[in-house]
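Okay, structure first, notes after.
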Amino acid sequence: MISESLTTSRLVLRRPRGPDAGAIFAYASDPAVTRFMSFHTHSSLEDTLAFLAGADEGWAARTDMPFVIERQGMVIGSTGLHCEAPHRFATGYVLRRDCWGFGYATEALRAMLELAFSLRDTRRVYALCEQSHLASARVMEKAGMSREGVLRAHSVLPNLASEPRDMLCYARVRE
Ligand SMILES: CC(C)(COP(=O)(O)OP(=O)(O)OC[C@H]1O[C@@H](n2cnc3c(N)ncnc32)[C@H](O)[C@@H]1OP(=O)(O)O)[C@@H](O)C(=O)NCCC(=O)NCCS
């Protein structure tokens, strides 16, 4: 069973709750933050409430398990695990702009990897980033994931373009 809350040296990662809507909207409505994300930049609080409703459904089914990232009691971003098969999870991360550059994404990603691999059946955790997104690729390298290659024309990143983009794939695998 996946824990709904965990702590790292500087962060608390926990299941999102209704009162987080304002803090999530603050970063999810920032075009600089959502540039490389697979969801549309939030244009109203309704978008954020829809995300929170989806988070509740995902947690109930244990298929999508988003976590907000808290630093000193404030929500600064989110991460999560998406269970695609009993042995395989996808992950990702997003942070408020004023919290970039402090190693928080790497710390959150390491925690997600540890959590996923604490489950006996997990063999593979992977994440994708757009080919030009060097900061995100660096986060995955620092968290000890291996670069597997480029997935051509894989993901539509709606805030960037309508054409599918080439994506870098990084993974950690338990042999
Ligand atoms: C990408 C993102 C998650 C990085 O978070 P972060 O907490 O700043 O990441 P970290 O501090 O752990 O590490 C960032 C690394 O990228 C490096 N980096 C930053 N910008 C870079 C750039 N333009 N080119 C190359 N490396 C870059 C940093 O120097 C650092 O590496 P270092 O520790 O070796 O110096 C954050 O910028 C973010 O939330 N962006 C918006 C959402 C997003 O794009 N999410 C990922 C979608 S795939």
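Quick notes on this one:
- Long-range HN-HN contacts of Gly80 with modeled amide H, under 5 Å: Phe67, Gly92
- Cα-based Rg of the chain normalised by 2.2 N^0.38 Å, two decimals: 0.97
- Note on Ser29 and Thr41: the extension gain reaches 3.8 nm, defined as 0.36 nm multiplied by sequence separation minus the Cα-Cα distance.
- Among Pro19, Phe102, Met167 - extreme Cα towards positive end, dipole of the chain, charges at beta-carbon: Phe102
- Net charge dipole size for the range 26-81 [Lys, Arg +1 and Asp, Glu -1 on Cβ; Debye, nearest 20]: 220 debye
- Of the GluC sites (Glu not before Pro) in the range 1-61, those whose Cβ has at most 13 other Cβ within 10 Å and which sit in DSSP loop: Glu4
- Taking chymotrypsin sites (Phe, Trp or Tyr not before Pro) across the range 20-76, the ones in a DSSP loop with at most 15 further Cβ atoms lying within 10 angstrom of their Cβ are Phe39.
- Between Glu84 and Ala53, full extension at 0.36 nm per residue minus the direct alpha carbon distance yields a gain of 9.2 nm.
- Just checking the listed ones, Glu107, Glu70, Glu148: in the Gaussian network model of the chain with Cα springs under 10 Å, the one fluctuating most is Glu148.
- Computed from the Cβ-Cβ distance with R0 of 30 Å, the FRET efficiency linking Val156 to Leu134 stands at 0.90.
- Residues Glu163, Glu175, Glu130, Glu141 arranged by fewest to most Cβ contacts within 10 Å: Glu175, Glu163, Glu141, Glu130
- In the chain, helices alone account for a calculated mean residue ellipticity at 222 nm of -9000 deg cm²/dmol, with every DSSP H run of four or more residues adding -39,500 (n - 2.57).
- Residues Leu81, Leu160, Leu45, Leu168, sorted so that the one with the fewest Cβ neighbours within 10 Å comes first: Leu45, Leu160, Leu168, Leu81
Bear in mind these aren't lab numbers, they're just calculated from the coordinates by the rules spelled out. Since the model is a prediction, treat every value here as computed from it, not as a measurement. So basically every Cβ, Gly included, is an ideal-geometry build from the backbone, and we count neighbours across all protein chains shown.
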